[in-house]
1. I need the full set of residues from the stretch 107-142 which are acidic (Asp, Glu) and surrounded by fewer than 19 Cβ atoms within 10 Å (Cβ to Cβ), in order please.
2. Do you know which residues across the stretch 59-105 are in contact with an Asp or Glu (Cβ under 9 Å, 6 or more places away or on another chain) and not hydrophobic (A, V, I, L, M, F, W, C)?
3. Show me the helices (runs of 4 or more DSSP H) found entirely inside the stretch 1-106 where at least 3 residues are surrounded by 12 or more Cβ atoms within 10 Å (Cβ to Cβ) and within 15 Å of the chain's Cα centre (by Cα).
4. Among the residues of the stretch 90-99, is any out of contact with any strand residue (DSSP E or B) (no Cβ under 7 Å at 6 or more places or on another chain), touching a residue at least 12 places away in the same chain (Cβ under 8 Å) and under 17 Å from Trp35 (Cα atoms)?
5. Can you tell me which residue in the stretch 39-66 is nearest to Ser116 (Cα to Cα), limited to those that are in contact with a Phe, Trp or Tyr (Cβ under 9 Å, 6 or more places away or on another chain) and at pLDDT 90 or above?
6. Between residues in the stretch 44-65 that are under 20 Å from Val17 (Cα atoms) and residues that are among the small types (Gly, Ala, Ser) and at pLDDT 80 or above, which pairs lie under 6 Å by C-beta distance while being six or more apart or on different chains?
7. Which residues, taken from the stretch 51-96, are closer than 16 Å to Leu13 by Cβ and among the polar types (S, T, N, Q)?
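The values are calculated or read from the model by the stated rules, or taken from the named source; none is laboratory data. As the structure is a computational prediction, the values presented were derived from the model and not from experiment. Here the Cβ positions follow ideal geometry from the backbone for every residue, glycine too, while neighbour counts run over all protein chains shown.
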Amino acid sequence: MTFSGLNVLGLLLAFVVSFISGAIWFGPKTFYPMWMKAKGITSGQLAVQANKPLALFGGTAFGLLVQILTLGLMVNSLQKGHPNFGILDGAGVGFALGIGIAMFASLSHRLFSGESFKAWIIETANDAINLTIAGAIIAYFN
């Protein structure tokens with residue numbers, strides 16, 4: 001894998017779109033109330049010790065940046081070997097990594113920790129959707 005040929009604009013756009021998508025996904029009018037209920041948090045609010053906006057949003061942004069960069073490296077490498085690699089191929093790589101890695105890497109951790117299957121689906125489906133969209137964006141700009 002190589003960084004040469006990676007389009008920074010495509011990576012940034014994929015990052016921004018994914019960040020906004022996550023904000024909408026976990027918004028108060030979308031999945032946030034269901035997610036909190038599935039996690040057993042009846043108040044609908046994070047515990048005081050967990051509610052640190054800088055850590056929450058900074059950690060989220062850093063994790064998303066690592067995901068987008070990793071996806072970008074994968075798409076970039078595949079495009080070099082396949083000249084007809086297009087937007088749908090990029091979306092397919094994002095989808096495969098989103099489902100196969102992002103979602104299912106955490107399943108056993110969630111099950112053994114006693115977390116709800118519904119909470120797992122809500123959390124990780126957003127990852128899979130974001131990586132699918134990001135893969136298409138990155139492929140388009142590369």
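1. Step one: filter the stretch 107-142 for residues acidic (Asp, Glu), giving 115, 123, 127.
Once the filter is applied, which keeps residues that are acidic (Asp, Glu) and surrounded by fewer than 19 Cβ atoms within 10 Å (Cβ to Cβ), the stretch 107-142 yields only Glu115.
2. Gln67, Gln79, His82, Gly98, listed by residue number.
3. By residue number, 8-25, 53-81, 87-97.
4. No, there is no match, as no residue in the stretch 90-99 is out of contact with any strand residue (DSSP E or B) (no Cβ under 7 Å at 6 or more places or on another chain), touching a residue at least 12 places away in the same chain (Cβ under 8 Å) and under 17 Å from Trp35 (Cα atoms).
5. Applying the filter and picking the extreme gives Thr60.
6. Leu64/Ser18
7. Across the stretch 51-96, the qualifying residues are Gln67, Asn76.
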